[in-house]
Amino acid sequence: MADELMAPLSIGGEALTFATQVGHSNVAQWVDGARTAMFDALLKDGPGFDEPDSPWRDRMREAGDDPDGEGPMPDGLFHTLEVYIAMIVNHTGIDSTQELLRSGQFQVGDSLE
């Protein structure tokens with residue numbers, strides 16, 4: 001997502017996005033108009049994740065993935081989408097429901113406009 005769109009939405013609060021695609025995936029966070037994180041949870045690197053005390057590293061651990069590990073999880077799969085959703089749910093405290101996941105769009109709260 002572009003800073004031009006997300007930065008204004010986060011004024012006075014926080015906005016989060018995640019996207020997964022072939023060869024690229026990312027989580028991005030804006031807080032009060034500034035992007036504070038944009039990282040790839042599969043590659044486990046990027047601004048807002050690289051710092052050893054990053055809260056996103058804790059969120060990854062809570063989701064069952066090792067932020068310092070390489071390769072797939074113990075079952076041989078990467079579970080990128082599941083890890084992203086769990087990280088964001090754990091960070092925001094929202095309830096993850098089948099309806100929310102089926103919709104393909106996750107909007108929590110209202111914009112200021």
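The values are calculated or read from the model by the stated rules, or taken from the named source; none is laboratory data. Quick caveat: nothing in here was measured; it's all calculated off a predicted structure. Neighbour counts run over all protein chains shown; Cβ positions are idealised from the backbone, glycine included. These area figures cover heavy atoms from the full protein model, side chains too; ligands, DNA and RNA do not enter into them. Shrake-Rupley method; radii C 1.70, N 1.55, O 1.52, S 1.80 Å.
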The one condition in (1) open to solvent by 30 Å² or more (accessible area, probe 1.4 Å); (2) over 14 Å from the mean Cα position of the chain (by Cα); (3) modelled with pLDDT under 90; (4) not basic (K, R) that G69 fails to fulfil = (1)
Test Q105 against the criterion of being farther than 16 Å from Q29 by Cα, of a type outside the set (D, E, K, R), at pLDDT below 75 and open to solvent by 60 Å² or more (accessible area, probe 1.4 Å), and give yes or no.
-> yes
Within the set of pairs 6 or more residues apart or between chains, which connect a residue that is part of a helix (DSSP H, G or I) inside the stretch 75-100 to a residue that is of a type in the set (A, V, I, L, M, F, W, C) and open to solvent by 60 Å² or more (accessible area, probe 1.4 Å) with Cβ atoms less than 6 Å apart?
-> T80/L42
Selected residue (criterion: farthest from L81 (Cα to Cα)) from residues of the stretch 28-39 that are outside any loop (DSSP other than H, G, I, E, B) and either acidic (D, E) or open to solvent by 40 Å² or more (accessible area, probe 1.4 Å) (or both) | A34
Here is a list of conditions, (1) over 14 Å from A86 (Cα atoms); (2) part of a helix (DSSP H, G or I), and P52 meets all of them except one; can you say which number that is?
-> (2)
Could we say that R57 is open to solvent by 80 Å² or more (accessible area, probe 1.4 Å) and touching a Pro at 6+ places or on another chain (Cβ under 9 Å) here?
-> no
Please find, among T80, T92, the residue that is among the polar types (S, T, N, Q) and modelled with pLDDT of 85 or more.
-> T92
State all residues of the stretch 40-50 that are at pLDDT 90 or above and surrounded by fewer than 19 Cβ atoms within 10 Å (Cβ to Cβ); if no residue qualifies, say none.
-> G46, P47, G48, D50
L42 vs (1) farther than 14 Å from I88 by Cβ; (2) assigned to a helix (DSSP H, G or I); (3) under 12 Å from the mean Cα position of the chain (by Cα); (4) in contact (Cβ under 8 Å) with a residue 12 or more places away in the chain: all pass except (2)
Give the number of residues within the stretch 2-27 that are of a type in the set (S, T, N, Q) and part of a loop (DSSP other than H, G, I, E, B).
-> 1
How many residues of the stretch 1-27 are under 21 Å from D50 (Cβ atoms), open to solvent by 70 Å² or more (accessible area, probe 1.4 Å) and either in contact with a Phe, Trp or Tyr (Cβ under 6 Å, 6 or more places away or on another chain) or among the aliphatic types (A, V, I, L, M) (or both)? The answer is 1
